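This report concerns only the one structure given below.
The values are calculated or read from the model by the stated rules, or taken from the named source; none is laboratory data. Keep in mind that this is a model prediction, so the values were computed, not measured. As a convention, Cβ positions derive from the backbone with ideal geometry for all residues, glycine included, and neighbour counts pool all protein chains shown.
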Amino acid sequence: MRRNVFAVLSIVMAAAGLAAGCASSKLPERFHTLLASASAAPAPIANPVYVDVLPVQMPAQVDHAQWVVRQPDDSLLVLEQERWAAPLSDELRGAIVEHLAARWNAVDVRGVGQPVGAVWRVRIDVQRFESMPGREARVEATWSLSVPASAASARSPATLVCRSTFAEPVAEGGVPALAAAHRRIVGRLADEIGPRLKAMSAGEAGRC
C-alpha cells in the first residue's frame, strides 16, 4: 500500500513539475502601438483647423487584439503573444489625430470644448491592413473630408473623397519592425490628408 501511495505522489509531482515548466516557458505578451514616441508638449496652436476624426473602419480579418500576419503562402497567422496596445481602430485614429496636430495645425474637437470655427469631419475606411514579416507593411484606404454646407466656401466643395495606397519594406526585425513600418504609413496617410484639409479650410479647392 505504501509503495502505491509513493507511486501516486511521484506521478502527481511529475505532472505538477511539467505544468510549471510549460507555464515558465510561455513567452510574455508584447504590446505595440501606432502612436509616435513621447516627446515634448506641443506649443499652443494659433488659428487651428478643427477636425472630428471619426472611428476608423478596419477589415474584419485584422480587427483583433492579436496581430494577424500574412504568411508567404498567403495564409493568415494569428500571433497570440503580439498584441495591440488598444483596439486597432483606436490606435489608427489616435495616431492620425496626433500627426495632424503636430504637422497640420489641427485640433481634435473631442479633446476640447466648443470649437470657435467650422469642424471638418475626417472619415477613414481601411480596405487592407497587411503585415508581412520580412517583406512589407501595406495599407489601402479610402478617406474623405467634409464640412457642413453652411461653412463651405463658394469656391471649394464641401466634400473631398480620395483613395491612398502605401507600402513600406520590412527586411527583418519581426513584429517590432512591422509596427515601425505601420507607424511610417500612418504618417504618410496623415500627410496626404493634412495639405488638403489646410487648403479646403482656407477656401481653396481640394484635389486628390
*For the range 53-91, how many residues are under 24 Å from Arg121 (Cα atoms), among the acidic types (Asp, Glu) and not in a loop (DSSP other than H, G, I, E, B)?*
2
*Residues Trp104, Trp120: which one is aromatic (Phe, Trp, Tyr), touching a strand residue (DSSP E or B) at 6+ places or on another chain (Cβ under 8 Å), at negative phi and surrounded by fewer than 21 Cβ atoms within 10 Å (Cβ to Cβ)?*
Trp104
*Quick check: anything in the range 161-183 assigned to a loop (DSSP other than H, G, I, E, B), more than 28 Å from Phe31 (Cβ to Cβ) and either touching a Gly at 6+ places or on another chain (Cβ under 7 Å) or touching a residue at least 12 places away in the same chain (Cβ under 8 Å) (or both)?*
no
*Pro157 is checked against (1) out of contact with any Leu (no Cβ under 6 Å at 6 or more places or on another chain); (2) at pLDDT 95 or above and fails just one. What number does that condition carry?*
(2)
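Can Pro28 be described as modelled with pLDDT under 70 and assigned to a loop (DSSP other than H, G, I, E, B)?
Criteria not met by Pro28.
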*Using the structure shown, decide if Ala101 is modelled with pLDDT under 95 and assigned to a helix (DSSP H, G or I).*
yes
